[in-house]
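This report concerns only the one structure given below.
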C-alpha cells in the first residue's frame, strides 16, 4: 500500500504539473488568446468546415473523399495549390485522429495566410490533407474505425504478410499485454500505477516503450494495432497522389505529418524518416535550436523506442515516388503531458470503447485532453508558431533547391 500510495502521489503531481503549472502561463493576454484561438476548433466537424472555408477563400482546389462508416458524415479533405510539376509539399493532419486538433489549426492558419498566394510554376505545389483519420478525430480516438493505428498501416501486402507471421512478442508486446489491453476495470492488484511502477523498476524505460510503440499485427482490439491490410484512409491518400499528381515527374518532395503527445508541453520534436536527405535536413534545420529538435532516426529524444515500428505515413508516401526524388519526410510531434499519462488515457479509452461503450464519453474526453491542451494559450501559440515555421522552412528549401 505504501508503494501504491507513492506511485499515485507521483502520478497526481505529474498530472498537476502538466495541467496547471504549465497552463499557468496561459491566460494572461486576452488579445493573444483571441488571435490564437481562432485557428482551433472544438470538434472535427467545426474544424472541417473551417478548413473548407479557408481553402475556398484562398482559391485552393478542394477535394473530399468519404470514409464509409455507418451514421457518420466523415471525409478526408484535400486542399491543393497547383504550381510546379516537379516539386511538392504535403502537409497532413489527423493521422492519429484525436491528435488532429493541432495539425488542423496549423492548416487553417496556413490557408488563411495563403489568400494572397500568387501561383508560380517555379514554386512547389502545396497539398493539405485534413483529418486523414476522420473517425478518430470525430470520435476522439487515436485509432480509426477498425481500431487500426494508421501510422503502422502504410505497408505493402507483402509487408503485412511478413508482419502477421512474426512472433507477436518479438519486441516484448505480449509480456505487458495485461497492462496495455485490459478487458475490465482493474482491481487494486491490477492498478495501472502499481503495475507501471513495478515494470519501470524491473525494466529500462526505453525497453518498455519499444515494446509498446512497435505495436502488433495480430490482435484487432489492442492498442497500436497495425491492421491486416491498408485501411480506407491510406488508400484515399495513395490514390489521390497517384491520380491527381503526376508522380513520375516529381524530383523534390517534402512531407509534414503533424502529431501530438510526445515530449515537453508546447515543444515540438522533428523526426526525419524514410529516405530523407540527411544533408538537406541539416541545411534546412541549421539553427542550434532546430538542431536540438531534430532527430534523424527512430531512437532519439521523444522518438526513443520507435526503431522497430513500421507502416509510417511518411515512408509509405516516399515509396510512391521515383527513386531519384530528393526531399524530407518529417513527423512534427508537439509535446503535451507526461508520456505515462498519455499511455494511461490511451489504454483506458481503448478498454472502454471495446467493453463498456456506454461509458465512453468521459474517457474519450480524457484522451482528447492528453493530446490537445485546449485550455492552454501558451501551447496553442507554440503549435501555430512552430507549425508555420517548419512549413516555411521546407517550402523555402524547395524553392531554393533548384534541380
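Looking only at the range 359-372, filter to residues that are free of Cβ contacts under 8 Å to residues at least 12 places away in the same chain and closer than 18 Å to residue 186 by Cα; which one of those is surrounded by the most Cβ atoms within 10 Å (Cβ to Cβ)? Walk me through it before giving the result.
Step one: filter the range 359-372 for residues free of Cβ contacts under 8 Å to residues at least 12 places away in the same chain, giving 359-362.
If we keep only those that are closer than 18 Å to residue 186 by Cα as well, we get 359-360, 362.
Working: 359: 13, 360: 17, 362: 11.
Result: 360.
Screening the range 66-146 for strands (runs of 3 or more DSSP E) wholly inside it with 3 or more residues that are surrounded by 24 or more Cβ atoms within 10 Å (Cβ to Cβ) and either touching a strand residue (DSSP E or B) at 6+ places or on another chain (Cβ under 7 Å) or without any contact (Cβ under 8 Å) to a residue 40 or more places away in the chain (or both) returns the ranges 87-92, 125-130. Only one of the numbered conditions (1) within 20 Å of residue 97 (Cβ to Cβ); (2) modelled with pLDDT of 95 or more; (3) within 16 Å of the chain's Cα centre (by Cα) is not met by residue 360, and that is (3). Does the range 330-347 include one or more residues that are at pLDDT below 90 and surrounded by 20 or more Cβ atoms within 10 Å (Cβ to Cβ)? Looking for residues that are at pLDDT below 90 and surrounded by 20 or more Cβ atoms within 10 Å (Cβ to Cβ), one finds none in the range 330-347, hence no. With the condition kept exactly as written, say whether any residue in the range 170-178 is in contact (Cβ under 8 Å) with a residue 12 or more places away in the chain and in contact with a strand residue (DSSP E or B) (Cβ under 6 Å, 6 or more places away or on another chain). Among the residues of the range 170-178, at least one is in contact (Cβ under 8 Å) with a residue 12 or more places away in the chain and in contact with a strand residue (DSSP E or B) (Cβ under 6 Å, 6 or more places away or on another chain), which makes the answer yes.
When restricted to residues that are within 24 Å of residue 97 (Cβ to Cβ) and surrounded by fewer than 19 Cβ atoms within 10 Å (Cβ to Cβ), the range 387-403 contains 1. Right, residue 286: assigned to a loop (DSSP other than H, G, I, E, B) and either surrounded by 17 or more Cβ atoms within 10 Å (Cβ to Cβ) or at pLDDT below 95 (or both) or not? So residue 286 passes the test. None of 258, 198 is within 26 Å of residue 284 (Cβ to Cβ) and either free of Cβ contacts under 8 Å to residues at least 24 places away in the same chain or surrounded by 14 or more Cβ atoms within 10 Å (Cβ to Cβ) (or both) except 258.
The number of residues in the range 212-255 being closer than 19 Å to residue 155 by Cα, more than 17 Å from the chain's Cα centre (by Cα) and modelled with pLDDT under 95 comes to 1. The helices (runs of 4 or more DSSP H) found entirely in the range 320-403 that carry 1 or more residues being under 21 Å from residue 122 (Cα atoms) are 377-400. Residues in the range 53-65 that are in a helix (DSSP H, G or I) and crowded, with 17+ Cβ neighbours inside 10 Å: 54, 55.
Scanning the range 30-52 for residues that are closer than 19 Å to residue 138 by Cβ, in a helix (DSSP H, G or I) and in contact with a helix residue (DSSP H, G or I) (Cβ under 9 Å, 6 or more places away or on another chain) returns 44, 45, 47, 48, 50, 51.
One residue stands out among those in the range 290-319 that are assigned to a loop (DSSP other than H, G, I, E, B) and on the phi > 0 side of the Ramachandran plot: the one that is nearest to the chain's Cα centre (by Cα), which is 311. Got at least one residue in the range 373-395 being under 18 Å from residue 281 (Cβ atoms), more than 17 Å from the chain's Cα centre (by Cα) and free of Cβ contacts under 8 Å to residues at least 12 places away in the same chain? Yes - at least one qualifying residue is present in the range 373-395.
The values are calculated or read from the model by the stated rules, or taken from the named source; none is laboratory data. Small disclaimer: the values here were computed from a predicted structure and weren't measured. As a convention, Cβ positions derive from the backbone with ideal geometry for all residues, glycine included, and neighbour counts pool all protein chains shown.
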